[in-house]
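The values are calculated or read from the model by the stated rules, or taken from the named source; none is laboratory data. No experiment lies behind these values; they were computed from the predicted model shown. Every residue, glycine among them, receives a Cβ derived from its backbone with ideal geometry; neighbour counts consider all protein chains shown.
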Amino acid sequence: MTACRGLIAVADSLIGRRIEVQPFVVLEEWARATKTFRAAVTVSGAGFGPQGHMLGRSIFESAMLIMWAVRHADIADRYVELHTLLGIERHVAARRNAGFWAKETASHMTPEERSEAVTLFGRRGTAYWSGHRNLEDLVKENIAELDDLFTKSQYEAVFYVLIGWCMPPGCPREASALRTPLTLT
């Protein structure tokens, strides 16, 4: 716990500093992971270790998204923008369909942007902002871009531990990941 609290202190030391980073989404994901890590340390320190461990998946997702964004800096911020706009459009449509908003509102996207967003993230926008349909696909792509076999095996191991721990029984979405090892090439 001391080491974990030390990491939080390092993150806290950055508050208020001007940080230049490209793509900008790296900083957004880092902030999300930092807040989630703080929550994991808090609940673990209060005696809820398994619940803290479950938050590890969200932290790992952010790490994988950061890793992907750094390697794809030319498109990462654009993908986040499209994903956000599609999410806003879905939110407005859901509220209108539920009868909360009767007035028709203009789309925040051009037809071309909407088509691109649906292609990347699905009609409902459920894919990650990177365009990956699930965590397994994101991890596989990141691993494929690494050269070091040891690092690849470490990412794969963390992925399987988190999937096995966090996946509810009977959940088919990523169950195939538990049966099919990632290929380390």
What do you reckon, is Phe60 in a helix (DSSP H, G or I), among the aromatic types (Phe, Trp, Tyr) and out of contact with any His (no Cβ under 7 Å at 6 or more places or on another chain)? yes
Need the failing condition index for Val158 against (1) farther than 18 Å from Ile66 by Cβ; (2) at pLDDT below 90, just the number. (1)
Restricting attention to the stretch 81-126, which residues are β-branched (Val, Ile, Thr), under 17 Å from Leu138 (Cβ atoms) and in contact with a Ser or Thr (Cβ under 9 Å, 6 or more places away or on another chain)? none
Over the stretch 121-140, the set of residues surrounded by 15 or more Cβ atoms within 10 Å (Cβ to Cβ) and in contact with a helix residue (DSSP H, G or I) (Cβ under 7 Å, 6 or more places away or on another chain) is Phe121, Gly125, Ala127, Tyr128, Trp129, Ser130, Gly131, His132, Leu135, Glu136, Leu138, Val139
Quick check on this structure: which one of Arg38, Arg90, Arg57 is touching a Cys at 6+ places or on another chain (Cβ under 6 Å) and not aliphatic (A, V, I, L, M)? Arg57
Test: residue in the stretch 128-135 that is among the basic types (Lys, Arg), in a helix (DSSP H, G or I) and out of contact with any Asp or Glu (no Cβ under 8 Å at 6 or more places or on another chain): no
Members of the stretch 13-28 found to be in a helix (DSSP H, G or I), out of contact with any helix residue (DSSP H, G or I) (no Cβ under 7 Å at 6 or more places or on another chain) and closer than 27 Å to Tyr128 by Cα, listed by number: Leu27, Glu28
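Okay, residues lined up against (1) crowded, with 19+ Cβ neighbours inside 10 Å; (2) of a type in the set (Ser, Thr, Tyr); (3) in contact (Cβ under 8 Å) with a residue 60 or more places away in the chain:
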residue	(1), (2), (3)
Ala3	no, no, no
Val26	yes, no, no
Thr42	no, yes, no
Gly45	no, no, no
Gly52	yes, no, no
Leu55	yes, no, no
Arg71	no, no, yes
Asp77	no, no, no
Filtered residue count, the stretch 114-126, keeping only those that are in a loop (DSSP other than H, G, I, E, B) and out of contact with any Leu (no Cβ under 7 Å at 6 or more places or on another chain): 4
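Yes or no, residue by residue, for (1) farther than 11 Å from Trp129 by Cβ; (2) of a type outside the set (Val, Ile, Thr):
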site	(1), (2)
Met54	yes, yes
Tyr79	no, yes
Val92	yes, no
Arg96	yes, yes
In this structure, is Leu85 in a helix (DSSP H, G or I) and either at pLDDT 85 or above or buried (at least 18 other Cβ atoms within 10 Å of the Cβ) (or both)? yes
